[in-house]
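The values are calculated or read from the model by the stated rules, or taken from the named source; none is laboratory data. What you see is a predicted model; the values in this text were computed from it and never measured. Note that each Cβ is placed from the backbone with ideal geometry, even for glycine, and that neighbours are counted across all protein chains shown. To get the accessible areas, we keep the full protein, side chains included, count just its heavy atoms, and leave off ligands, DNA and RNA. Shrake-Rupley method; radii C 1.70, N 1.55, O 1.52, S 1.80 Å.
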Amino acid sequence: MDTNVINDIRDIKGMVPVPHAWWPVWVALALVAAGILAWWLWRRFRKAPLTVKPVTPPPLPFDVAMAALAELRAANLPVEQFYTRLSDIVRHYIEGRFGLRAPERTTEEFLAQASLPAEHMSLLSAFLTESDLVKFARLQPGDADRQRAFGAAQKFVLETK
């Protein structure tokens, strides 16, 4: 062999570092972290889906009064409680239907302010005067009077619907 070739053989060199570009790895890791953070924030702060609840209008004063009158007819109340409840039903109906503050005023006060047709005013005036006599003067009407008062209240509500 040639001595030149033998002298040409050298020992292995150590590891040669390969240049790496680390910035693409860091950018990829940052994008993944940003995506995870965005997903977490979206899940945490997203608004609940809107649910539309149907809005039911309040019952009409006529319907409330008729239901209360039917309930009163079914109840077997003593005379004074019957007239008190009947008067309250009519007064609350007047307040809801005509906007008069009937429950808080005396009969004379709100009748003076009311602007109803004459036939309704006379019916209402007679009925409420009788109710006041039963409530405050301890008048004891009979069953026929109770039926007549109930009929007058019902007639007033039905005619002013």
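Of the residues that make up region 63-86, is at least one part of a loop (DSSP other than H, G, I, E, B), under 30 Å from Ser131 (Cβ atoms) and acidic (Asp, Glu)?
No, because not a single residue in region 63-86 is part of a loop (DSSP other than H, G, I, E, B), under 30 Å from Ser131 (Cβ atoms) and acidic (Asp, Glu).
Could you please find all residues in region 81-100 being among the aromatic types (Phe, Trp, Tyr) and open to solvent by less than 50 Å² (accessible area, probe 1.4 Å)? Steps first, answer last, please.
Kept after step one, since they are among the aromatic types (Phe, Trp, Tyr), are these residues of region 81-100: 82-83, 93, 98.
Once the filter is applied, which keeps residues that are among the aromatic types (Phe, Trp, Tyr) and open to solvent by less than 50 Å² (accessible area, probe 1.4 Å), region 81-100 yields Phe82, Tyr83, Tyr93.
Mind listing whichever residues of region 104-116 are of a type outside the set (A, V, I, L, M, F, W, C) and surrounded by 13 or more Cβ atoms within 10 Å (Cβ to Cβ)?
As a first pass, look at region 104-116 and keep what is of a type outside the set (A, V, I, L, M, F, W, C): 104-109, 113, 115.
Within region 104-116, Arg105, Thr107, Glu109 qualify.
Let me spell it out: the conditions are (1) surrounded by 15 or more Cβ atoms within 10 Å (Cβ to Cβ); (2) modelled with pLDDT of 90 or more, and Ala67 meets all of them except one. Which number is the exception?
All conditions are met except number (1).
Residues of region 117-161 being open to solvent by 30 Å² or more (accessible area, probe 1.4 Å) and not in a helix (DSSP H, G or I), which ones?
Pro117, Ala137, Arg138, Leu139, Gln140, Gly142, Lys161
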